[in-house]
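Scroll down for the structure; my scribbles are underneath it.
No value in this document is a laboratory result; all are computed from the given coordinates. Fair warning: this is a prediction, and the values are worked out from it, not measured in the lab. Please note: Cβ atoms are built from the backbone with ideal geometry, for glycine as well, and neighbour counts cover all protein chains shown.
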Amino acid sequence: MTKQKSSIKLVGLGPGNPAFIFPAYKDLIKTADIILGGKRQLDLILPFLEKKTDLWLIDRNFREVLNKLKNLQHQNIVIVASGDPGFFGILNTIKKYCSEFELEVYPNISSAQWALAKLGWSWEEVKWFSIHGRELHTAMQSLPSSGKIGILTDPRIKPQQLATELKFRGWSEADFILARNLTLPDEELVIFHLEELANLDDFKNDILLAYLPQKNSKFWPYQSPGIPEHLFITGKPPITKAETRALIISKSYLEPGLTIWEIGTGTGSITIEAALFSPGSQVYTADPRPESEQLLKANQQRFNCNNIHFYQGFAPEICHSWPSPHRVIIGGHGGKLDKILEYVHERLLPAGRLVISATQLKTAATAWDFFHGNQYQEIEAIQLQVNRMRSGPGCSQLWDVQNPCFIISGRKKSESD
């Protein structure tokens, strides 16, 4: 006969005002033998406890406290949590450390729900992030390039730090709303700009909401790579042909929220496409030519890309300050391909993809040997020959032959390989 599991009731207390604790939830709490929660949550329920109850404080010692529950038998255990415990709450932690128990979850209104209701925003409009107990840069990795976002703050992270991160990710022109003390008598929703966020003293488990309208480029409103060359502002540095760019971007397997390196900026056409077709990503690119920076900035403005960071100099030395990448695209290498590949391999994250374009067979062979020598997966080498038709004399048609190009790509091994 299977032994019946003891149960834990996980009860959401709502957004902060005790009036939002439902009568049925109060009954669950009143009959509990043991109640666990943070200090703020335990203080909230003290006024209506009617019998002697063991109160266990959950703080930074939550693993130790939750592990103690495993020794209890036939106790009526309640864990109280703020808002809705299933929305960036304690639910997953309880499931992880208390798997021996049957878990009953009792949701409530979250502060996030209350804030959106006050603003008249619907749930599906907003992408949510929590920086509570997380490393800031990692937590904001998949921040979109526009739209509506909500951020659950953490008192450990200063407003100045968050403002710097948001500016870095292109949200300088957004409208921000700070929602504080929701449902309480001193509730406030304050509208301000990013530079004012840096002037706040601290967060107090606030919610930060923001709206940044999407700026569609009139030059390329589509979601497909291979932007025609004539739409770019060009100059002395060469521009990668549209068909080659389309294949490079395709083999990069882009997705939102990546860190992307592009070595050899040139006109910036690949940089622009990587930024456009990987929303919320940050693209780092380098080129020793001052003209490349000027052209890239002009094309950034033309295509409304605010997630690109240009560095003038030679790879790999110029890349030392860049965050480790999920994707790397190598075009120009200045005769230092071996040195660049060695450094890129060291920095590329597991399962990250590397795409190399080459016009010389020798470069393609070097890339091919590198991928196999370092046990990359999904290795491909493609020769691309593009011919473009144009009208000739009379009713004839002629082919303009483009230089052939080699695209070599592969995926770095990960623990799952």
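Neighbour counts of C-beta atoms inside 10 Å place PHE192, PHE62 in the sequence PHE192, PHE62, starting with the fewest.
Could you grab the relative contact order for the chain? Cα pairs under 8 Å, six or more apart, rounded to a whole percent. 11 percent. Which label marks the calculated value of Cα Rg over 2.2 N^0.38 Å, given the options (1) 1.05; (2) 1.27; (3) 1.46? Recomputing Cα Rg over 2.2 N^0.38 Å here gives the entry labelled (2). The residues HIS333, HIS309, HIS132, HIS320, when put in order of fewest to most other Cβ atoms within 10 Å, stand as HIS320, HIS309, HIS132, HIS333. In order along segment 182-199, phi translates into HN-Hα couplings of 5, 6, 9, x, 9, 4, 8, 10, 10, 9, 7, 9, 4, 5, 6, 4, 5, 8 Hz, rounded to whole numbers, per the Karplus curve 6.51 cos²θ - 1.76 cosθ + 1.60 with θ = phi - 60° and x for Gly and Pro.
For the chain, the dipole from Cβ point charges (+1 on Lys and Arg, -1 on Asp and Glu) about the Cα centre works out to 520 debye, to the nearest 20.
Between the alpha-carbon centres of segment 19-87 and segment 273-306 there is a gap of 52 Å.
With the charge dipole of the chain set up from +1 on Lys and Arg Cβ and -1 on Asp and Glu Cβ about the Cα centre, the Cα lying farthest toward the positive end among the listed residues PHE219, SER250, GLY37 is that of SER250.
Of the cross-linked pairs LYS39/LYS118; LYS127/LYS204; LYS118/LYS148; LYS236/LYS297; LYS39/LYS70, those separated by over 18 Å at the C-alpha level are LYS39/LYS118; LYS127/LYS204; LYS39/LYS70.
With K and R counted +1 and D and E -1, the other residues having a Cβ less than 14 Å from that of PRO316 yield a net charge of -3.
Working note: Karplus 6.51/-1.76/1.60 with θ = phi - 60° gives segment 319-332 the couplings 8, 4, 8, 7, x, 4, x, 8, 9, 9, 10, 10, x, x Hz, where Gly and Pro are set to x.
Each residue of segment 76-203 gets 136 Å³ once the volume of the Cα convex hull is shared out per residue. Amide H contacts of LEU10 (H built 1.01 Å from N, in plane; Pro and chain starts excluded): ILE79, GLU104, VAL105, TYR106 sit under 5 Å, all sequence-distant by 5 or more or on other chains.
Bridging of LYS413 to aspartates and glutamates at a Cα separation below 20 Å is possible for GLU255, ASP338, GLU342, GLU346, ASP369, GLU378, GLU380, once same-chain residues fewer than 8 apart are set aside. Put simply, the amide H of SER110, placed in the peptide plane, has neighbours under 5 Å in ASP84, leaving out anything fewer than 5 places away on its chain.
Distant-in-sequence amide contacts of ARG156, defined by a placed amide H-H separation under 5 Å and a gap of 5 or more residues or a different chain, comprise nothing.
Just so you know, the Cα atoms of segment 265-325 work out to an Rg and Dmax of 10.9, 30 Å. What are the equivalent ellipsoid semi-axes of segment 301-417, built from the alpha-carbon gyration tensor (square roots of five times its eigenvalues), in whole angstrom, biggest first? Over the Cα atoms of segment 301-417, the ellipsoid semi-axes are 32, 20, 14 Å. Put in order of Cβ neighbour count within 10 Å, fewest first, the listed residues THR53, THR265, THR240 become THR53, THR240, THR265.
Report the label-to-label distance for LYS167 and SER99 in nanometres (one decimal), using points 7 Å from each Cα along the Cα→Cβ vector. Here the answer is 4.5 nm between the modelled labels.
Dividing the convex hull volume of the alpha carbon atoms of segment 1-110 by its residue count gives 102 Å³ per residue. Most simply put, segment 7-109 has about 5% antiparallel DSSP beta bridges, counting only bridges with both residues inside it.
Here the Karplus curve 6.51 cos²θ - 1.76 cosθ + 1.60, taken at θ = phi - 60°, turns the phi angles of segment 38-52 into couplings of x, 4, 5, 6, 5, 4, 5, 9, 3, x, 10, 6, 10, 9, 5 Hz, with x standing for Gly and Pro.
Normalised by the number of residues in segment 191-327, the average gap of Cα pairs under 8 Å and 6 or more apart makes the relative contact order 24 percent.
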